[in-house]
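The values are calculated or read from the model by the stated rules, or taken from the named source; none is laboratory data. Keep in mind it's a predicted model, so treat the numbers as computed, not measured. Cβ placement follows ideal geometry from the backbone for every residue including glycine, while neighbour counts extend to all protein chains displayed. The accessibility values were calculated without ligands, DNA or RNA, using every heavy atom of the protein model including side chains. Shrake-Rupley method; radii C 1.70, N 1.55, O 1.52, S 1.80 Å.
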Amino acid sequence: MRIPNYQRQIDYQRVTPRGVALTAPTFQTSRSKGWDRFESILQATKAFMPTYKGLFNIGEKYKHWFRQGEILFDKSDDEKSNVPTGTRPQYAESGFSSPARQELLQFVKQQLGNSVSETKQGETHPLWEKLDDYFVQQMATEDLKRQIEDPDQDLLAQDYVVLRREMQQVQAAQLAEQQTAQFYKGAGNFIELSSLIRSPQALKQYVQDNLTAAEKEYSTHNSSNVSWDIMKQNLFNLSIAHNINASLQTGEVEQARYVYDYFKPSISEEQCKLLGNKIMYAQATQTAQKELAKCYARCVSAEGKIDSTKMTALAEELTQENHLPLDIMQPVLQTCLEQEVCKNYKEKAQVCRQILEGKEAALAEEASSVFSPKQWKQIKQWQDESKIPYASGTYRAVFNGLYDEILQGKATPEDVANSYQAKEISAQDALRLTEHFCALKGGEQKQREILLSGSVKNWCQKNHFTPEQTEQAYYFVFGSGCDWQSHLSAAQELKDIFTLQEKK
(Lines give C-alpha, C1' and ligand atoms only; values in the text may rest on other atoms or scores of the structure.)
Protein backbone atom coordinates (compact mmCIF):
# COMPACT_ATOMS: atom_id res chain seq x y z
CA MET A 1 0.00 0.00 0.00
CA ARG A 2 1.36 3.31 -1.03
CA ILE A 3 1.35 5.90 1.75
CA PRO A 4 -0.12 9.19 0.60
CA ASN A 5 2.35 12.04 0.53
CA TYR A 6 0.86 15.14 2.15
CA GLN A 7 2.42 18.47 1.43
CA ARG A 8 2.02 21.68 3.37
CA GLN A 9 0.57 24.65 1.66
CA ILE A 10 3.16 25.83 -0.80
CA ASP A 11 3.88 29.53 -0.68
CA TYR A 12 4.21 31.18 -3.98
CA GLN A 13 5.47 34.60 -4.88
CA ARG A 14 2.60 36.90 -5.61
CA VAL A 15 2.95 39.05 -8.67
CA THR A 16 1.01 42.27 -8.36
CA PRO A 17 -1.47 42.61 -11.23
CA ARG A 18 -0.99 45.63 -13.41
CA GLY A 19 -3.73 47.73 -14.88
CA VAL A 20 -3.93 46.78 -18.54
CA ALA A 21 -6.43 47.40 -21.27
CA LEU A 22 -9.11 44.86 -21.92
CA THR A 23 -8.49 44.82 -25.65
CA ALA A 24 -5.54 42.42 -25.95
CA PRO A 25 -6.65 38.76 -26.12
CA THR A 26 -4.03 36.15 -25.47
CA PHE A 27 -5.00 33.42 -27.84
CA GLN A 28 -7.21 32.82 -30.85
CA THR A 29 -9.99 31.02 -29.02
CA SER A 30 -10.55 33.82 -26.58
CA ARG A 31 -10.57 36.34 -29.42
CA SER A 32 -13.29 34.47 -31.20
CA LYS A 33 -15.40 34.48 -28.05
CA GLY A 34 -14.75 38.09 -27.25
CA TRP A 35 -13.16 37.52 -23.82
CA ASP A 36 -10.17 39.70 -22.97
CA ARG A 37 -7.37 38.14 -20.98
CA PHE A 38 -5.00 39.88 -18.61
CA GLU A 39 -1.29 39.27 -18.65
CA SER A 40 -1.04 40.13 -14.97
CA ILE A 41 -3.46 37.37 -14.00
CA LEU A 42 -1.71 34.90 -16.26
CA GLN A 43 1.62 35.62 -14.63
CA ALA A 44 0.07 35.21 -11.21
CA THR A 45 -1.49 31.86 -12.07
CA LYS A 46 1.90 30.48 -13.20
CA ALA A 47 2.96 30.38 -9.58
CA PHE A 48 0.60 27.54 -8.74
CA MET A 49 -0.04 25.86 -12.09
CA PRO A 50 2.57 23.67 -13.86
CA THR A 51 1.72 24.52 -17.44
CA TYR A 52 0.47 27.61 -19.18
CA LYS A 53 -2.43 27.71 -21.52
CA GLY A 54 -4.98 30.52 -21.92
CA LEU A 55 -6.22 32.19 -18.79
CA PHE A 56 -5.84 29.02 -16.69
CA ASN A 57 -3.00 26.56 -16.88
CA ILE A 58 -4.57 23.22 -16.37
CA GLY A 59 -2.11 20.53 -17.48
CA GLU A 60 -3.36 17.20 -18.66
CA LYS A 61 -1.45 15.51 -15.87
CA TYR A 62 -2.40 18.08 -13.22
CA LYS A 63 -5.71 16.80 -11.88
CA HIS A 64 -6.68 16.93 -8.25
CA TRP A 65 -9.48 15.03 -6.64
CA PHE A 66 -10.70 15.26 -3.09
CA ARG A 67 -11.72 12.07 -1.35
CA GLN A 68 -12.07 11.86 2.39
CA GLY A 69 -9.36 14.46 2.91
CA GLU A 70 -6.82 12.73 0.59
CA ILE A 71 -5.34 14.12 -2.64
CA LEU A 72 -4.79 11.57 -5.39
CA PHE A 73 -2.00 12.42 -7.83
CA ASP A 74 -1.82 11.01 -11.34
CA LYS A 75 -3.98 7.98 -10.67
CA SER A 76 -4.64 5.65 -13.50
CA ASP A 77 -8.05 5.41 -15.06
CA ASP A 78 -8.67 2.20 -13.15
CA GLU A 79 -7.73 3.83 -9.88
CA LYS A 80 -9.97 6.81 -10.62
CA SER A 81 -12.85 4.56 -11.47
CA ASN A 82 -12.46 2.87 -8.11
CA VAL A 83 -13.15 6.13 -6.27
CA PRO A 84 -16.65 5.81 -4.81
CA THR A 85 -19.11 8.02 -6.61
CA GLY A 86 -20.69 9.22 -3.41
CA THR A 87 -17.37 10.44 -2.08
CA ARG A 88 -16.28 12.29 -5.21
CA PRO A 89 -17.50 15.93 -5.40
CA GLN A 90 -20.23 16.39 -7.98
CA TYR A 91 -20.10 19.65 -10.00
CA ALA A 92 -22.28 20.59 -12.91
CA GLU A 93 -20.21 20.56 -16.05
CA SER A 94 -21.05 24.21 -16.82
CA GLY A 95 -20.62 25.35 -13.23
CA PHE A 96 -23.80 27.34 -13.58
CA SER A 97 -24.76 27.16 -9.91
CA SER A 98 -21.24 27.12 -8.57
CA PRO A 99 -20.95 28.71 -5.10
CA ALA A 100 -17.68 30.28 -6.23
CA ARG A 101 -19.54 32.35 -8.82
CA GLN A 102 -21.95 33.57 -6.18
CA GLU A 103 -19.10 34.43 -3.86
CA LEU A 104 -17.31 36.38 -6.60
CA LEU A 105 -20.37 38.46 -7.39
CA GLN A 106 -21.05 39.09 -3.71
CA PHE A 107 -17.44 40.20 -3.23
CA VAL A 108 -17.75 42.73 -6.05
CA LYS A 109 -21.03 44.08 -4.67
CA GLN A 110 -19.47 44.58 -1.26
CA GLN A 111 -16.45 46.35 -2.72
CA LEU A 112 -18.58 48.62 -4.89
CA GLY A 113 -20.64 49.47 -1.85
CA ASN A 114 -17.57 50.82 -0.08
CA SER A 115 -16.42 54.39 -0.45
CA VAL A 116 -14.20 54.86 -3.48
CA SER A 117 -11.14 57.03 -3.00
CA GLU A 118 -9.92 59.35 -5.70
CA THR A 119 -7.51 58.05 -8.30
CA LYS A 120 -5.17 59.70 -10.72
CA GLN A 121 -5.03 58.98 -14.39
CA GLY A 122 -3.00 55.87 -15.19
CA GLU A 123 -3.12 54.40 -11.68
CA THR A 124 -4.78 51.12 -10.78
CA HIS A 125 -7.44 51.58 -8.20
CA PRO A 126 -7.04 49.55 -4.98
CA LEU A 127 -10.55 48.25 -5.49
CA TRP A 128 -9.58 46.55 -8.74
CA GLU A 129 -6.44 45.15 -7.14
CA LYS A 130 -8.64 43.56 -4.49
CA LEU A 131 -10.68 41.90 -7.20
CA ASP A 132 -7.56 40.59 -8.92
CA ASP A 133 -6.14 39.23 -5.68
CA TYR A 134 -9.42 37.65 -4.71
CA PHE A 135 -9.85 36.00 -8.09
CA VAL A 136 -6.32 34.57 -8.15
CA GLN A 137 -6.76 33.11 -4.66
CA GLN A 138 -10.21 31.81 -5.49
CA MET A 139 -9.01 30.08 -8.64
CA ALA A 140 -6.13 28.51 -6.72
CA THR A 141 -8.61 27.09 -4.23
CA GLU A 142 -11.17 26.07 -6.82
CA ASP A 143 -8.57 24.30 -8.96
CA LEU A 144 -7.80 21.98 -6.07
CA LYS A 145 -11.47 21.05 -5.84
CA ARG A 146 -12.44 20.39 -9.39
CA GLN A 147 -11.29 19.36 -12.85
CA ILE A 148 -11.48 21.96 -15.62
CA GLU A 149 -11.55 20.25 -18.97
CA ASP A 150 -11.88 23.41 -21.10
CA PRO A 151 -10.50 26.53 -19.35
CA ASP A 152 -11.84 28.72 -22.15
CA GLN A 153 -15.41 27.82 -21.24
CA ASP A 154 -15.07 28.17 -17.49
CA LEU A 155 -17.95 30.38 -16.30
CA LEU A 156 -16.16 31.62 -13.19
CA ALA A 157 -13.38 33.03 -15.39
CA GLN A 158 -15.95 34.63 -17.67
CA ASP A 159 -17.66 36.18 -14.64
CA TYR A 160 -14.35 37.66 -13.59
CA VAL A 161 -13.72 39.17 -17.04
CA VAL A 162 -17.20 40.71 -17.16
CA LEU A 163 -16.88 42.19 -13.67
CA ARG A 164 -13.33 43.41 -14.26
CA ARG A 165 -14.35 45.14 -17.48
CA GLU A 166 -17.33 46.79 -15.78
CA MET A 167 -15.14 47.97 -12.91
CA GLN A 168 -12.73 49.57 -15.35
CA GLN A 169 -15.60 51.38 -17.01
CA VAL A 170 -16.81 52.59 -13.63
CA GLN A 171 -13.29 53.71 -12.81
CA ALA A 172 -13.03 55.60 -16.10
CA ALA A 173 -16.34 57.35 -15.44
CA GLN A 174 -15.29 58.27 -11.91
CA LEU A 175 -11.98 59.61 -13.14
CA ALA A 176 -13.75 61.70 -15.77
CA GLU A 177 -16.05 63.15 -13.10
CA GLN A 178 -13.08 63.96 -10.90
CA GLN A 179 -11.29 65.70 -13.74
CA THR A 180 -14.39 67.67 -14.67
CA ALA A 181 -14.93 68.73 -11.05
CA GLN A 182 -11.28 69.73 -10.77
CA PHE A 183 -11.56 71.79 -13.95
CA TYR A 184 -14.59 73.71 -12.72
CA LYS A 185 -12.94 74.22 -9.35
CA GLY A 186 -9.97 75.76 -11.12
CA ALA A 187 -12.35 77.88 -13.20
CA GLY A 188 -13.97 79.19 -10.02
CA ASN A 189 -10.60 80.12 -8.55
CA PHE A 190 -9.62 81.85 -11.78
CA ILE A 191 -12.83 83.90 -11.87
CA GLU A 192 -12.50 84.87 -8.21
CA LEU A 193 -8.92 86.03 -8.63
CA SER A 194 -9.89 88.02 -11.71
CA SER A 195 -11.78 90.44 -9.49
CA LEU A 196 -8.55 91.53 -7.76
CA ILE A 197 -6.96 93.06 -10.86
CA ARG A 198 -7.69 96.75 -11.31
CA SER A 199 -5.84 97.45 -14.54
CA PRO A 200 -7.81 96.37 -17.65
CA GLN A 201 -4.58 95.66 -19.53
CA ALA A 202 -3.26 93.42 -16.76
CA LEU A 203 -6.66 91.73 -16.49
CA LYS A 204 -6.65 91.00 -20.22
CA GLN A 205 -3.24 89.33 -20.04
CA TYR A 206 -4.20 87.35 -16.94
CA VAL A 207 -7.38 86.08 -18.60
CA GLN A 208 -5.59 85.10 -21.81
CA ASP A 209 -2.91 83.13 -19.95
CA ASN A 210 -5.51 81.23 -17.95
CA LEU A 211 -7.69 80.46 -20.95
CA THR A 212 -4.69 79.10 -22.85
CA ALA A 213 -3.90 76.74 -19.98
CA ALA A 214 -7.57 75.83 -19.57
CA GLU A 215 -7.89 74.87 -23.24
CA LYS A 216 -5.21 72.19 -22.91
CA GLU A 217 -6.95 70.55 -19.96
CA TYR A 218 -10.40 70.92 -21.46
CA SER A 219 -9.46 69.28 -24.76
CA THR A 220 -7.74 66.41 -22.93
CA HIS A 221 -10.17 65.70 -20.13
CA ASN A 222 -13.42 67.17 -21.37
CA SER A 223 -16.35 64.89 -20.61
CA SER A 224 -19.18 67.31 -21.44
CA ASN A 225 -20.86 68.13 -24.73
CA VAL A 226 -19.98 71.83 -24.51
CA SER A 227 -17.46 72.92 -27.11
CA TRP A 228 -14.34 74.76 -26.05
CA ASP A 229 -15.36 77.90 -27.97
CA ILE A 230 -18.53 78.21 -25.90
CA MET A 231 -16.70 77.39 -22.66
CA LYS A 232 -13.99 79.89 -23.46
CA GLN A 233 -16.48 82.70 -24.07
CA ASN A 234 -18.35 81.85 -20.87
CA LEU A 235 -15.18 81.93 -18.79
CA PHE A 236 -14.14 85.20 -20.39
CA ASN A 237 -17.53 86.82 -19.73
CA LEU A 238 -17.65 85.58 -16.14
CA SER A 239 -14.16 86.82 -15.29
CA ILE A 240 -14.86 90.32 -16.62
CA ALA A 241 -18.32 90.44 -15.03
CA HIS A 242 -16.95 89.33 -11.65
CA ASN A 243 -14.31 92.05 -11.76
CA ILE A 244 -16.92 94.72 -12.51
CA ASN A 245 -19.39 93.42 -9.90
CA ALA A 246 -16.67 93.41 -7.26
CA SER A 247 -16.01 97.09 -7.93
CA LEU A 248 -19.71 97.92 -7.77
CA GLN A 249 -20.11 96.12 -4.44
CA THR A 250 -17.39 98.29 -2.91
CA GLY A 251 -18.90 101.48 -4.36
CA GLU A 252 -16.16 102.00 -6.95
CA VAL A 253 -18.45 102.92 -9.82
CA GLU A 254 -15.79 104.73 -11.83
CA GLN A 255 -13.44 101.74 -11.61
CA ALA A 256 -16.24 99.46 -12.81
CA ARG A 257 -16.99 101.75 -15.75
CA TYR A 258 -13.27 101.92 -16.61
CA VAL A 259 -13.03 98.13 -16.95
CA TYR A 260 -16.41 97.94 -18.69
CA ASP A 261 -15.47 100.46 -21.38
CA TYR A 262 -12.21 98.59 -22.07
CA PHE A 263 -13.79 95.14 -22.51
CA LYS A 264 -17.10 96.24 -24.00
CA PRO A 265 -16.15 95.22 -27.59
CA SER A 266 -15.05 91.74 -26.43
CA ILE A 267 -17.89 90.55 -24.18
CA SER A 268 -21.18 89.19 -25.45
CA GLU A 269 -24.04 91.52 -26.29
CA GLU A 270 -26.26 90.16 -23.54
CA GLN A 271 -23.53 90.46 -20.92
CA CYS A 272 -22.67 93.94 -22.17
CA LYS A 273 -26.24 95.14 -21.72
CA LEU A 274 -26.57 93.59 -18.28
CA LEU A 275 -23.32 95.07 -16.96
CA GLY A 276 -24.10 98.46 -18.50
CA ASN A 277 -27.43 98.62 -16.68
CA LYS A 278 -25.81 97.59 -13.40
CA ILE A 279 -23.27 100.38 -13.70
CA MET A 280 -25.95 102.99 -14.50
CA TYR A 281 -28.12 101.87 -11.59
CA ALA A 282 -25.10 102.00 -9.28
CA GLN A 283 -24.24 105.47 -10.50
CA ALA A 284 -27.84 106.64 -10.06
CA THR A 285 -27.94 105.19 -6.52
CA GLN A 286 -24.68 106.89 -5.67
CA THR A 287 -26.03 110.21 -6.96
CA ALA A 288 -29.32 109.88 -5.06
CA GLN A 289 -27.51 109.01 -1.83
CA LYS A 290 -25.23 112.00 -2.24
CA GLU A 291 -28.20 114.34 -2.69
CA LEU A 292 -30.51 112.50 -0.30
CA ALA A 293 -30.80 115.24 2.33
CA LYS A 294 -31.80 117.82 -0.30
CA CYS A 295 -34.17 115.37 -1.99
CA TYR A 296 -35.85 114.42 1.31
CA ALA A 297 -36.39 118.05 2.29
CA ARG A 298 -37.92 118.91 -1.09
CA CYS A 299 -40.05 115.83 -1.73
CA VAL A 300 -41.15 114.39 1.66
CA SER A 301 -43.75 115.99 3.93
CA ALA A 302 -43.66 116.06 7.72
CA GLU A 303 -46.08 113.11 7.71
CA GLY A 304 -43.68 111.05 5.62
CA LYS A 305 -45.55 111.32 2.32
CA ILE A 306 -43.55 111.60 -0.91
CA ASP A 307 -44.70 114.24 -3.41
CA SER A 308 -44.44 112.44 -6.75
CA THR A 309 -44.54 115.67 -8.80
CA LYS A 310 -41.63 117.21 -6.92
CA MET A 311 -39.73 113.93 -7.04
CA THR A 312 -40.08 113.66 -10.84
CA ALA A 313 -38.84 117.22 -11.31
CA LEU A 314 -35.84 116.55 -9.08
CA ALA A 315 -35.07 113.31 -10.94
CA GLU A 316 -34.96 115.21 -14.23
CA GLU A 317 -32.48 117.68 -12.76
CA LEU A 318 -30.21 114.90 -11.52
CA THR A 319 -30.48 113.13 -14.88
CA GLN A 320 -29.22 116.12 -16.79
CA GLU A 321 -26.39 116.78 -14.34
CA ASN A 322 -25.10 113.20 -14.31
CA HIS A 323 -25.98 112.09 -17.89
CA LEU A 324 -28.24 109.27 -16.78
CA PRO A 325 -31.51 107.98 -18.29
CA LEU A 326 -34.65 109.27 -16.55
CA ASP A 327 -36.21 105.79 -16.50
CA ILE A 328 -33.30 104.70 -14.28
CA MET A 329 -32.84 107.82 -12.15
CA GLN A 330 -36.49 108.23 -11.17
CA PRO A 331 -37.16 104.74 -9.71
CA VAL A 332 -33.77 104.79 -7.96
CA LEU A 333 -34.56 108.17 -6.38
CA GLN A 334 -37.99 106.95 -5.28
CA THR A 335 -36.50 103.83 -3.72
CA CYS A 336 -33.92 105.85 -1.81
CA LEU A 337 -36.59 108.23 -0.50
CA GLU A 338 -38.84 105.36 0.57
CA GLN A 339 -35.94 103.73 2.41
CA GLU A 340 -35.17 107.01 4.17
CA VAL A 341 -38.82 107.45 5.18
CA CYS A 342 -38.84 103.89 6.51
CA LYS A 343 -35.65 104.53 8.48
CA ASN A 344 -37.12 107.76 9.89
CA TYR A 345 -40.26 105.99 11.11
CA LYS A 346 -38.17 103.27 12.78
CA GLU A 347 -36.31 105.95 14.72
CA LYS A 348 -39.61 107.57 15.75
CA ALA A 349 -40.95 104.23 16.95
CA GLN A 350 -37.77 103.70 18.96
CA VAL A 351 -38.15 107.09 20.70
CA CYS A 352 -41.76 106.32 21.67
CA ARG A 353 -40.72 102.87 22.91
CA GLN A 354 -38.01 104.36 25.09
CA ILE A 355 -40.46 106.82 26.63
CA LEU A 356 -42.97 104.07 27.40
CA GLU A 357 -40.20 101.99 28.99
CA GLY A 358 -39.15 104.94 31.15
CA LYS A 359 -35.73 105.36 29.61
CA GLU A 360 -34.34 108.88 29.98
CA ALA A 361 -32.39 108.46 26.75
CA ALA A 362 -35.53 109.52 24.93
CA LEU A 363 -35.06 113.04 26.36
CA ALA A 364 -31.85 113.52 24.40
CA GLU A 365 -31.87 116.37 21.94
CA GLU A 366 -30.90 114.13 19.03
CA ALA A 367 -34.19 112.26 19.46
CA SER A 368 -36.08 115.38 18.48
CA SER A 369 -34.42 115.40 15.06
CA VAL A 370 -36.67 112.62 13.78
CA PHE A 371 -39.83 114.57 14.60
CA SER A 372 -41.04 117.88 13.30
CA PRO A 373 -41.08 120.67 15.96
CA LYS A 374 -44.86 120.31 16.33
CA GLN A 375 -44.66 116.52 16.66
CA TRP A 376 -41.81 116.70 19.17
CA LYS A 377 -43.73 119.19 21.33
CA GLN A 378 -46.67 116.79 21.43
CA ILE A 379 -44.41 113.82 22.23
CA LYS A 380 -42.82 115.66 25.15
CA GLN A 381 -46.25 116.55 26.51
CA TRP A 382 -47.36 112.94 26.40
CA GLN A 383 -44.09 111.93 28.03
CA ASP A 384 -44.65 114.29 30.94
CA GLU A 385 -48.29 113.29 31.46
CA SER A 386 -47.51 109.58 31.25
CA LYS A 387 -45.51 109.94 34.50
CA ILE A 388 -48.55 111.29 36.38
CA PRO A 389 -50.76 108.48 37.73
CA TYR A 390 -54.34 108.60 36.46
CA ALA A 391 -53.75 111.78 34.47
CA SER A 392 -56.68 110.98 32.25
CA GLY A 393 -59.03 108.11 31.66
CA THR A 394 -59.03 105.73 28.69
CA TYR A 395 -61.97 104.56 26.72
CA ARG A 396 -60.89 101.10 25.71
CA ALA A 397 -63.20 101.00 22.70
CA VAL A 398 -61.52 104.13 21.27
CA PHE A 399 -58.06 102.69 21.75
CA ASN A 400 -59.07 99.36 20.22
CA GLY A 401 -60.70 101.07 17.25
CA LEU A 402 -57.64 103.24 16.57
CA TYR A 403 -55.35 100.23 16.91
CA ASP A 404 -57.34 98.31 14.30
CA GLU A 405 -57.53 101.26 11.93
CA ILE A 406 -53.78 101.83 12.13
CA LEU A 407 -53.28 98.13 11.44
CA GLN A 408 -55.44 98.49 8.34
CA GLY A 409 -53.76 101.74 7.24
CA LYS A 410 -56.84 103.90 7.85
CA ALA A 411 -55.69 106.02 10.84
CA THR A 412 -52.79 108.47 11.25
CA PRO A 413 -50.96 110.13 14.17
CA GLU A 414 -53.27 113.12 13.68
CA ASP A 415 -56.25 110.92 14.51
CA VAL A 416 -54.42 109.78 17.64
CA ALA A 417 -53.69 113.38 18.65
CA ASN A 418 -57.32 114.38 18.09
CA SER A 419 -58.56 111.53 20.29
CA TYR A 420 -56.14 112.63 22.99
CA GLN A 421 -57.33 116.24 22.77
CA ALA A 422 -60.89 114.95 23.15
CA LYS A 423 -59.74 113.08 26.30
CA GLU A 424 -60.79 109.77 24.80
CA ILE A 425 -57.40 108.17 25.39
CA SER A 426 -54.61 108.74 27.89
CA ALA A 427 -51.17 110.16 27.12
CA GLN A 428 -49.66 106.72 27.57
CA ASP A 429 -52.12 105.18 25.11
CA ALA A 430 -51.44 108.03 22.68
CA LEU A 431 -47.73 107.19 22.82
CA ARG A 432 -48.50 103.49 22.42
CA LEU A 433 -50.64 104.11 19.33
CA THR A 434 -48.04 106.46 17.86
CA GLU A 435 -45.37 103.82 18.34
CA HIS A 436 -47.69 101.27 16.70
CA PHE A 437 -48.17 103.53 13.67
CA CYS A 438 -44.46 104.36 13.28
CA ALA A 439 -43.39 100.72 13.70
CA LEU A 440 -45.71 99.58 10.90
CA LYS A 441 -44.54 102.40 8.63
CA GLY A 442 -40.98 101.47 9.47
CA GLY A 443 -41.45 98.14 7.78
CA GLU A 444 -42.17 95.84 10.71
CA GLN A 445 -44.13 92.74 9.80
CA LYS A 446 -47.78 93.41 10.60
CA GLN A 447 -49.17 90.11 9.41
CA ARG A 448 -48.64 88.54 12.83
CA GLU A 449 -50.47 91.43 14.49
CA ILE A 450 -53.39 90.99 12.10
CA LEU A 451 -53.57 87.26 12.83
CA LEU A 452 -53.36 87.79 16.58
CA SER A 453 -56.04 90.48 16.45
CA GLY A 454 -58.44 88.14 14.66
CA SER A 455 -57.56 85.27 16.99
CA VAL A 456 -58.37 87.32 20.13
CA LYS A 457 -61.73 88.40 18.72
CA ASN A 458 -62.65 84.88 17.62
CA TRP A 459 -61.61 83.47 21.00
CA CYS A 460 -63.80 85.99 22.82
CA GLN A 461 -66.73 85.21 20.57
CA LYS A 462 -66.26 81.47 21.01
CA ASN A 463 -66.33 81.88 24.78
CA HIS A 464 -69.45 84.06 24.63
CA PHE A 465 -67.87 87.29 25.88
CA THR A 466 -70.10 90.31 26.14
CA PRO A 467 -69.10 93.35 24.04
CA GLU A 468 -67.69 95.03 27.12
CA GLN A 469 -65.67 91.91 28.05
CA THR A 470 -64.38 91.69 24.50
CA GLU A 471 -63.17 95.31 24.63
CA GLN A 472 -61.44 94.63 27.95
CA ALA A 473 -59.75 91.50 26.61
CA TYR A 474 -58.62 93.23 23.42
CA TYR A 475 -57.20 96.18 25.36
CA PHE A 476 -55.52 93.80 27.81
CA VAL A 477 -53.60 92.18 24.93
CA PHE A 478 -52.68 95.15 22.73
CA GLY A 479 -52.45 97.75 25.46
CA SER A 480 -49.56 95.87 27.06
CA GLY A 481 -46.09 96.48 25.76
CA CYS A 482 -45.00 97.67 22.34
CA ASP A 483 -43.79 94.52 20.63
CA TRP A 484 -45.18 91.32 19.25
CA GLN A 485 -43.80 89.12 22.02
CA SER A 486 -45.48 91.27 24.70
CA HIS A 487 -48.82 90.99 22.95
CA LEU A 488 -48.48 87.25 22.54
CA SER A 489 -47.59 86.80 26.21
CA ALA A 490 -50.56 88.92 27.23
CA ALA A 491 -52.87 86.81 25.06
CA GLN A 492 -51.61 83.63 26.71
CA GLU A 493 -52.03 85.18 30.13
CA LEU A 494 -55.60 86.15 29.25
CA LYS A 495 -56.35 82.58 28.33
CA ASP A 496 -54.81 81.31 31.58
CA ILE A 497 -56.86 83.77 33.64
CA PHE A 498 -60.07 82.84 31.91
CA THR A 499 -59.51 79.12 32.32
CA LEU A 500 -58.25 79.57 35.93
CA GLN A 501 -54.89 78.00 35.10
CA GLU A 502 -51.61 78.99 36.57
CA LYS A 503 -49.22 80.52 34.15
CA LYS A 504 -46.21 78.26 33.67
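Say whether the condition of being among the hydrophobic types (A, V, I, L, M, F, W, C), farther than 25 Å from Q469 by Cβ and part of a loop (DSSP other than H, G, I, E, B) is met by at least one residue in the stretch 390-409.
Let us first name the residues in the stretch 390-409 that are among the hydrophobic types (A, V, I, L, M, F, W, C), namely 391, 397-399, 402, 406-407.
Filter once more, so that each one left must be farther than 25 Å from Q469 by Cβ: 391.
Keeping just the survivors that are part of a loop (DSSP other than H, G, I, E, B) gives 391.
Yes, the stretch 390-409 contains at least one residue that is among the hydrophobic types (A, V, I, L, M, F, W, C), farther than 25 Å from Q469 by Cβ and part of a loop (DSSP other than H, G, I, E, B).
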Test of understanding: among K290, K294, K273, which residue is under 24 Å from P373 (Cα atoms) and surrounded by fewer than 18 Cβ atoms within 10 Å (Cβ to Cβ)?
K294
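Take G481 and decide whether it is out of contact with any Pro (no Cβ under 9 Å at 6 or more places or on another chain), without any contact (Cβ under 8 Å) to a residue 12 or more places away in the chain and on the phi > 0 side of the Ramachandran plot.
The answer is yes for G481.
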Which residues, counting only those in the stretch 190-209, are open to solvent by 20 Å² or more (accessible area, probe 1.4 Å), over 25 Å from the mean Cα position of the chain (by Cα) and either among the hydrophobic types (A, V, I, L, M, F, W, C) or closer than 30 Å to Q171 by Cβ (or both)?
L196, I197, A202
Mind checking which residues of the stretch 97-152 are modelled with pLDDT under 70, farther than 29 Å from Q178 by Cβ, open to solvent by less than 60 Å² (accessible area, probe 1.4 Å) and part of a loop (DSSP other than H, G, I, E, B)?
R146, I148
May I ask you to verify whether Q447 is more than 14 Å from L402 (Cα to Cα) and either crowded, with 20+ Cβ neighbours inside 10 Å or modelled with pLDDT under 90 (or both)?
yes
Those residues of the stretch 459-486 that are open to solvent by 30 Å² or more (accessible area, probe 1.4 Å) and assigned to a helix (DSSP H, G or I) come to a total of 14
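For the stretch 297-329: of the residues being in a loop (DSSP other than H, G, I, E, B) and within 24 Å of V259 (Cβ to Cβ), which is least open to solvent (accessible area, probe 1.4 Å)? Break it down into steps so the answer makes sense when it comes.
So the first thing to find is which residues in the stretch 297-329 are in a loop (DSSP other than H, G, I, E, B), and the list is 301-305, 307, 323-325.
From what is left, the residues that are within 24 Å of V259 (Cβ to Cβ) are 323-325.
On the way: H323: 162, L324: 10, P325: 45 Å².
This residue is L324.
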